[in-house]
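Note sheet for the following structure.
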Amino acid sequence: MAASAPTTTREVVEELLRRIGGGDPEHIAELYAERGDWKLDWPEDEHGRTATPWIRHRTTRAEAAAHYRELAEHHVPGAAATEIERILIDGDDAVVLGEIRHTARPTGRAYRARFALHLTVEHGLVTRHHVYEDSLAVARAFEV
């Protein structure tokens, strides 16, 4: 018997985090609504720069998958970790607090960045994905 699809906010968020850890962009994107609100707290004039093309606003499930592909392309495989410190749930909204550790592929520089991820889940799918992270740490790792 196949496992049922996650439906509560907590179930969807926990499944999303598992899938992100698994690294398959298409499988991750299945948990996003066809259209959604995806924003990254990053200076607008820096969105989509050559060194960090994954950092930009998105609105579709296909763009969510592209985000995870672009993120993987610009980081050293196997040199990443994420520590989830807390997941806070309030109805359809969740906030995930933690720290990411990556190594920038173009420079070989490792970095750590604290983050807060605000998600909204409606009808079992993520409709809001807003990331607040230490953008300075990321930018410095990619400076050539």
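The values are calculated or read from the model by the stated rules, or taken from the named source; none is laboratory data. Computed from a prediction, not measured in an experiment: that's the story for all the values here. Neighbour counts are summed over all protein chains in view; Cβ atoms, including those assigned to glycine, are modelled from backbone coordinates with ideal geometry. Side chains included, ligands, DNA and RNA excluded: accessible areas come from the protein's heavy atoms. Shrake-Rupley method; radii C 1.70, N 1.55, O 1.52, S 1.80 Å.
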Taking first residues from the stretch 56-81 that are of a type in the set (A, V, I, L, M) and second residues anywhere that are open to solvent by less than 60 Å² (accessible area, probe 1.4 Å), the pairs with Cβ under 6 Å that are 6 or more apart or on different chains are 64/29; 64/32; 65/25; 65/29; 71/54; 76/103; 79/103; 80/102
Given the conditions (1) open to solvent by 40 Å² or more (accessible area, probe 1.4 Å); (2) under 23 Å from residue 121 (Cβ atoms); (3) touching a strand residue (DSSP E or B) at 6+ places or on another chain (Cβ under 9 Å), every one holds for residue 36 apart from (1)
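Can you tell me which residue is most open to solvent (accessible area, probe 1.4 Å) among those in the stretch 75-122 that are of a type in the set (Ser, Thr, Tyr) and closer than 17 Å to residue 16 by Cβ? Lay out the reasoning, then the answer.
Of the residues in the stretch 75-122, the ones of a type in the set (Ser, Thr, Tyr) are 82, 103, 107, 111, 120.
With the extra rule that they be closer than 17 Å to residue 16 by Cβ, the set shrinks to 82, 120.
Details: 82: 84, 120: 13 Å².
Ranking the candidates gives 82 first.
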Of the candidates 102, 74, the one satisfying the condition of being farther than 25 Å from residue 33 by Cα and either of a type in the set (D, E, K, R) or in contact with a Pro (Cβ under 8 Å, 6 or more places away or on another chain) (or both) is 74
Of the candidates 72, 79, 5, the one satisfying the condition of being at negative phi and touching a strand residue (DSSP E or B) at 6+ places or on another chain (Cβ under 9 Å) is 79
Are any of the residues in the stretch 62-71 assigned to a strand (DSSP E or B) and at pLDDT 95 or above? no
Within the stretch 39-55, the residues that are open to solvent by 60 Å² or more (accessible area, probe 1.4 Å), more than 13 Å from residue 129 (Cα to Cα) and touching a residue at least 24 places away in the same chain (Cβ under 8 Å) are 43
*Got at least one residue in the stretch 12-33 being open to solvent by 20 Å² or more (accessible area, probe 1.4 Å), over 15 Å from the mean Cα position of the chain (by Cα) and not β-branched (Val, Ile, Thr)?*
no
Can you spot a residue in the stretch 73-81 that is within 18 Å of residue 136 (Cα to Cα) and in a strand (DSSP E or B)? yes
Taking the stretch 109-130 and the residues there that are part of a loop (DSSP other than H, G, I, E, B) and not charged (D, E, K, R), the one that is farthest from the chain's Cα centre (by Cα) would be 123
